[in-house]
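The values are calculated or read from the model by the stated rules, or taken from the named source; none is laboratory data. A quick note: this is a predicted structure, and the numbers were derived from the prediction, not measured. Backbone-built Cβ (ideal geometry, glycine too); neighbour counts: all protein chains shown. In case anyone asks, the SASA skips ligands and DNA or RNA and just uses the protein heavy atoms, side chains included. Shrake-Rupley method; radii C 1.70, N 1.55, O 1.52, S 1.80 Å.
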Amino acid sequence: MNMFGNPSNSNSSMPMMPSMESFQQQLQNNPQMMSEMLNNPMVQNLLSQPDFLRTMMENNPQMRQVLDSNPELRHALEDPEFMRRSMQMMRDPTAMQNMMRNQDLAMSQIENMPGGYAALRRMYEDVQAPMLDAMSGGGGGNESGSGGNDNA
């Protein structure tokens, strides 16, 4: 078995690659696997190169569309200090849990403000959902053809 859960095939020069969704699911279910992957020197080297990360995002049409329609997100992802802190947090499960707790608290406070729930919903529909689609290789983004205005 390789790290993707596929049987190793020593006769093949290229290992079987899982779908991005199954790989993401494995990483979510196994934080240790994520930590090991992020602590791998080769991965650290790649992730420490802002040009590599930028090229990786620009080569994904869905991710490029998300970044083009959200300049603030593009600015954040191009900030080397932000990326360094994010990678550091992903390698440290305690820091990640602390960040998630703080984010949950902040979102709860925003949700309780007048218009806060609507703002969070727009952010999800305009930023988070398209990013998740782009990262999972979700075809053309909005497959229902509704333009993002599903039942409110």
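3J(HN,Hα) along the range 88-102, derived from phi through the Karplus expression 6.51 cos²θ - 1.76 cosθ + 1.60 where θ = phi - 60°, amounts to 4, 5, 5, 7, 10, x, 5, 5, 5, 4, 5, 5, 5, 5, 5 Hz, with x in place of Gly and Pro. Projecting the Cα atoms of 80, 95, 113 onto the dipole axis of the range 49-142, where Lys and Arg carry +1 and Asp and Glu carry -1 at the beta carbon, places 95 farthest toward the positive end.
Share of carbon and sulfur in the accessible area of the range 32-108 stands at 57%, probe radius 1.4 Å.
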